[in-house]
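Every number in this text was worked out from the coordinates using simple rules, so none of it is lab data. Nothing here was measured: the structure is a model prediction, and the numbers come from that model. Glycine gets a Cβ as well: all are built from the backbone with ideal geometry, and neighbour counts include every protein chain shown.
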Amino acid sequence: MTSITIALSKGRIFDDTAPLLKAAGVFALDDPETSRKLILATNRDNVRLIIVRASDVPTYVQYGAADMGIAGKDVLLEHGGSGLYQPLDLHIACCRMMVAVRDDFDYESAVRRGARLRVATKYLRTAREHFAEKGMHVDLIKLYGSMELAPLVGLAEAIVDLVSSGNTLKANHLKAVEEIKPISARLIINQAALKLKRATIQPMLDAFSAAIQQGEETMV
Ligand code: PRT
Ligand code: MG
């Protein structure tokens, strides 16, 4: 039987994916939060999981080192999606990509005046497209995390980051001023693997879709 490798990141993606995998009859034999293993065996001989950084998931799948994976739309937008088939929105790890500024910063008036803002973000590509569409000239500053700090210490006037509960913004005296995109995690499949391993991949895809649909019906 053909073997498949699924790339996942630990934390919220793994936590939200576990029930979907379970619906497809797959569960990991080790807990990625406590195990140091990067390759996790599952109850199925022909399915293994690899644990990678969230932003590396599309790269592993693009090059075929993993046949499929689960990645946030935020990560896919930055990656560009080449070589990837994105058949399913999993409706998990949901949040919003937002522009945020300090509580006391008048963003609207800065935009009206055509002020040139410094914007700190990990999402350069998405931010560049967003401000270009608005016809705003901004200086983008690349950060790798904790974007919320940047406006507080004068590195930037604005940030582009993900917001879910809004608690991190609030705790740092920031406010969201614009929504760029709703974000959720997607199933991604290597295009060649889908053709060569369809017999193994298709039933998992079907089980995932059924589980998502069921989840939505119980939410209604
Ligand atoms: O942490 P690491 O640097 O390894 O990578 P990562 O941050 O990309 O991974 P991880 O596991 O934190 O996130 C994986 C995916 O979860 C992301 O790619 C998103 O698609 C999705 N996701 C959903 C989120 C959030 N919600 C989220 N709230 N990713 C990050 N956050 C952060 C956000 O950046 C901000 O710092 O949580 C903070 C805001 O949360 P609230 O609840 O205070 O608003
Ligand atoms: Mg994180």
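Summary table below
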| quantity | calculated |
| --- | --- |
| J(HN,Hα) series, segment 191-197, from Karplus relation 6.51 cos²θ - 1.76 cosθ + 1.60, nearest Hz, glycine and proline x | 4, 5, 4, 4, 6, 7, 10 |
| For segment 162-220, with +1 on Lys and Arg beta carbons and -1 on Asp and Glu, the positive-most of Ala185, His173, Thr200 along the dipole | Thr200 |
| Overall Cα dimensions of segment 158-217 - principal axes, largest extent first, Å | 52, 30, 17 |
| Residue among Phe14, Phe27, Phe131 with the largest mean-square fluctuation in a Gaussian network model of the chain, springs linking Cα atoms under 10 Å | Phe131 |
| Point-charge dipole on Cβ atoms (K/R +1, D/E -1) for segment 1-139, about Cα centre, debye to 20 | 280 debye |
| Helix-only [θ]222 nm of the chain, DSSP H runs n ≥ 4, -39500 (n - 2.57) each, per residue, nearest 500 | -10000 deg cm²/dmol |
| GNM flexibility winner over the chain from Ala110, Ala192, Ala41 (Cα, springs under 10 Å) | Ala110 |
| Sequence-distant residues sharing a close amide H with Val52 (under 5 Å, placed H) | Leu8, Ser9, Lys10 |
| Long-range amide H partners of Arg118 with built H, under 5 Å | Asp139, Glu157, Ala158 |
| Across Lys122/Lys175; Lys10/Lys37; Lys122/Lys181; Lys10/Lys195, pairs whose alpha-carbon gap is larger than 20 Å | Lys10/Lys195 |
| Rh by Kirkwood over Cα pairs, then Stokes-Einstein D for segment 95-182 at 1.306 mPa s and 10 °C, µm²/s | 125 µm²/s |
| Largest to smallest principal axis extent of the C-alpha atoms in the chain, angstrom | 63, 38, 32 |
| For the chain, built as a Gaussian network whose Cα springs stay under 10 Å, the top-fluctuating residue of Ser165, Ser55, Ser82 | Ser165 |
| Environment charge of Pro182, counting only residues whose C-beta is closer than 11 Å and scoring Lys/Arg +1, Asp/Glu -1 | 0 |
